[in-house]
1. Note down the relative contact order for the stretch 118-200 as a percent, whole number, built from C-alpha pairs under 8 angstrom at least six residues apart.
2. If neighbour count is taken as other Cβ atoms inside 10 Å, put Leu61, Leu168 in order from fewest to most.
3. Under a Cβ-only charge scheme (Lys and Arg +1, Asp and Glu -1), can you give me the dipole magnitude of the stretch 40-131 about the Cα centre, in debye to the nearest 20?
4. Please list 3J(HN,Hα) in residue order for the stretch 162-167, calculated via the Karplus relation 6.51 cos²θ - 1.76 cosθ + 1.60 where θ = phi - 60°; whole Hz, with x for glycine and proline.
5. All other residues with a Cβ under 10 Å from the Cβ of Lys56 taken together, and with Lys, Arg as +1 and Asp, Glu as -1, what is their net charge?
6. Under a Cβ-only charge scheme (Lys and Arg +1, Asp and Glu -1), can you give me the dipole magnitude of the stretch 5-196 about the Cα centre, in debye to the nearest 20?
Amino acid sequence: MKSNPGSRVLLTLLAILIIGWQILPRNVFAAEWNLQTLMRDLGSRTTGQARFSEKKYLSVLDTPIEQSGTLAFAPGQLEKHTLQPNQERMIVDGGTLVIETGTNGKVRRLRLQSYPVVWGFVEGMRATLTGDLDTLQRFYEIELHGTREDWELVMVPSQRDMSAVVRLMSIRGESDRINVIEVVQVSGDRSVMRIDEKTP
């Protein structure tokens with residue numbers, strides 16, 4: 001019984017497609033992923049809450065200072081509420097930073113533009129959380145490393161006042177979540193904040 005020539009051609013084409021699929025790079029059909037798409041992923045989450053734990057490594061101390069508490073963000077706003085070892089609440093709303101310290105609720109208000117180093121640090125966190133790339137690039141030179149599932153932003157301050165104090169900020173995460181924020185100062189001191197959004 002003779003085989004149908006059309007069937008032979010179809011089978012040959014099918015074999016070519018199967019082999020081609022196997023030898024092509026795994027990401028050849030994946031959507032392009034870059035800094036812009038990461039910012040879009042992060043910006044798709046308009047609000048968020050999380051727990052944080054932070055260690056500050058200072059050259060004058062043998063052991064790190066440890067803090068923990070909660071974080072919350074919304075458009076234009078960022079709140080860091082330290083619960084341990086001492087109570088402190090830092091609220092960023094637009095261009096104002098409000099700091100409440102101690103159980104007596106002593107309040108201090110700062111206009112961010114008057115404190116360039118604080119402003120740059122605040123925007124490094126706030127603009128990343130909200131996917132605001134334009135603001136980030138105003139304050140930092142940015143490099144993206146890794147993959148969508150395991151990425152790192154390395155941000156070097158581009159403004160003189162901040163670069164005199166901060167060497168770099170490294171933010172690591174997965175997909176649209178931030179897991180670690182590390183700040184390395186020119187002095188060598190550094191802080192590492194770990195963020196857990198699963199248990200806000």
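Just so you know, all these numbers are worked out from the coordinates, no wet-lab data involved. It should be emphasised that the depicted structure is a prediction, and the values quoted were computed from it without experimental measurement. Cβ sites come from the backbone with ideal geometry, for glycine too, and all protein chains shown count toward neighbours.
1. That works out to 18 percent.
2. Details: Leu61 10, Leu168 18.
Taking fewest neighbouring Cβ atoms as first place, the list is Leu61, Leu168.
3. Details: 12 positive and 9 negative charges, 39 e Å.
So the magnitude is around 180 debye.
4. 6, 5, 6, 10, 10, 7
5. Working: positive: Lys55, Arg190; negative: Glu54, Glu66, Asp189.
Counting the neighbours of Lys56, the net charge comes to -1.
6. On the way: 22 positive and 23 negative charges, 37 e Å.
Magnitude of the dipole: close to 180 debye.
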